[in-house]
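Q: Sharing a structure below in structure tokens format, with a few things to ask.
The values are calculated or read from the model by the stated rules, or taken from the named source; none is laboratory data. Computed from a prediction, not measured in an experiment: that's the story for all the values here. Positions of Cβ are backbone-derived with ideal geometry, glycine not excepted, and every protein chain shown enters the neighbour counts.
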């Protein structure tokens, strides 16, 4: 089969729940629909040899698979193909020859290459003419010996440079796992997979709160992948030790090398530094403060709230999921889901998309890169899921978690699912028992599994044991679509009241506004349990100051910080850095109605973890001259503890105007008592 036919078949195997249309495939591969139908005929010839049913496009142009299509068997046979069965393009053939030359420590015979690739010697000679021309770009020459064959002679730095370009060409990455990619990796005798290198580098960046601008993460991963897999023998090259002076990005290589059990040598480190310098990659790597990023996301959602009254900032699960997404990877996936236009969750989708587009610059200024259309679409989907999840009359979705055999893996996956999604998990079930168990228990909306499950009765989402951003988006999308199909299920009490309100009001916008006001009143007057707040762990009574005058935001930030500075919690440079952040990124420290949180990194003079509060009854005026803040917190952290719960509590203070008005009328003692407990 040709490359395109093989890839189409792989997409069907890997993505069981996704539907592919002939128009979408034609667009993806830049071919006509007629060409795709020829590809389909080639695929069906392959399936016929396996005694598998044909696949076909239905009357709507959707690629359909019959129930008895055995994905596991097809995948197994697909990867058992040899180079006679797989029809390499001339470009793939030349790439394969170059990989062979790089891997071979001696000479390569043209005749043997011709036999291995099932082509004539004349074809190989033509390929080498093109290869010779291609290598001139890298200042690499081919060495020819009449009795031995052809070889590449160059230093390892040039070899790695060539390998990187070849890997880019064939898209060696964690998403592409095609026949040709496997063939190349097998030829190279790969010891450390791309996904392994990627996972460890991402692990390092998560620990150290590093994000990459543009495609720099991929650039660094592909470099390390090439370096750690290309063998070299240099007895003079010494491994680095404790005496070696390391800079910030050196530690990335050292960490990954340690995790894959490949000691980093002085020459390896030197080559890595040269690569970063030559490609100017250091300027595209940014260390972020998690608390700062949390504030930026909250401020972004607050602006959407102000325009659409959706109450998004109080959904900590939404903020957490966006925080994880932004930290883990820049591009958030390619979605084919169409956002419905009917307003069955009381939100105007067109208006929501416009709001996300309008305020995306808040995120972009902080991240230093533009959000792609996919990212913005992902945000819209997450917000829609949040709205569905937080409807008080929407029952939870029910899911089953499946693993191949190890309950430890399943329990770990369950913990992640419960942390990020509000699902009813019926249990963790072994893969060979799941269908029988589901017949005996309650129905589920879908299955989340680490392995493919052959069933037509349930939707199966295949994810990794350690959820990636792609997995999270897949689950979010499935949740959204499932709730769309299910529709609203009115229930008794408060839920019934809300649904009746919708039925009585002709204007959806008025109904939505009334519903939110009623919810707020109910929340304010319901009996509430109290417990000690995260705020009380840091905020001391003496760290609260009231002011009756109006002031600008710089003056207010310095005054709030002075409380901590006088008690030796922070140095004088701390608040100046925080002010610089606002000047650079905008009013992102405003994280709730009337609430702001000033903060800077631990490297700017933090001696102790602390929290102060400036209360301004007349208001603190921010950069636009209109936005007013009444509660300005100043927070310092040495970075040894996570304080996201503190952030969530501060955000919720401004949830109702009534509570804010009450706080502004209180004295310092009363404010301290009010903020020391949280009401549930």
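Q: Given 218, 251, 255, 200, which one is on the phi < 0 side of the Ramachandran plot, surrounded by fewer than 16 Cβ atoms within 10 Å (Cβ to Cβ) and outside the structural domain of residue 323 (by TED's automatic domain parsing)?
A: 251
Q: Hey, among 49, 70, 58, which residue is touching a residue at least 40 places away in the same chain (Cβ under 8 Å), assigned by TED's automatic domain parsing to the domain that holds residue 8 and either within 30 Å of residue 452 (Cα to Cα) or more than 34 Å from the chain's Cα centre (by Cα) (or both)?
A: Within the list 49, 70, 58, the selection yields 70.
Q: Among the listed residues 429, 447, 401, 362, which satisfies the condition of being buried (at least 19 other Cβ atoms within 10 Å of the Cβ), in contact with a strand residue (DSSP E or B) (Cβ under 9 Å, 6 or more places away or on another chain), more than 21 Å from residue 481 (Cβ to Cβ) and at pLDDT 85 or above?
A: Within the list 429, 447, 401, 362, the selection yields 429.
Q: Oh, and also: Looking only at the stretch 71-127, count every residue that is closer than 17 Å to residue 188 by Cβ and not in a helix (DSSP H, G or I) and tell me the total.
A: Final tally of qualifying residues: 7.
Q: Also, quick follow-up: Please indicate, with yes or no, whether at least one residue in the stretch 232-245 is outside the structural domain of residue 7 (by TED's automatic domain parsing) and crowded, with 21+ Cβ neighbours inside 10 Å.
A: Looking through the stretch 232-245, none of the residues is outside the structural domain of residue 7 (by TED's automatic domain parsing) and crowded, with 21+ Cβ neighbours inside 10 Å.
Q: Mind telling me which of the residues 156, 169, 148 ends up being touching a residue at least 12 places away in the same chain (Cβ under 8 Å) and buried (at least 16 other Cβ atoms within 10 Å of the Cβ)?
A: 156
Q: Counting residues that are crowded, with 16+ Cβ neighbours inside 10 Å and over 29 Å from the mean Cα position of the chain (by Cα), which strands (runs of 3 or more DSSP E) fully inside the stretch 556-639 reach at least 2?
A: In the stretch 556-639, the matching strands (runs of 3 or more DSSP E) lie at 610-621, 628-636.
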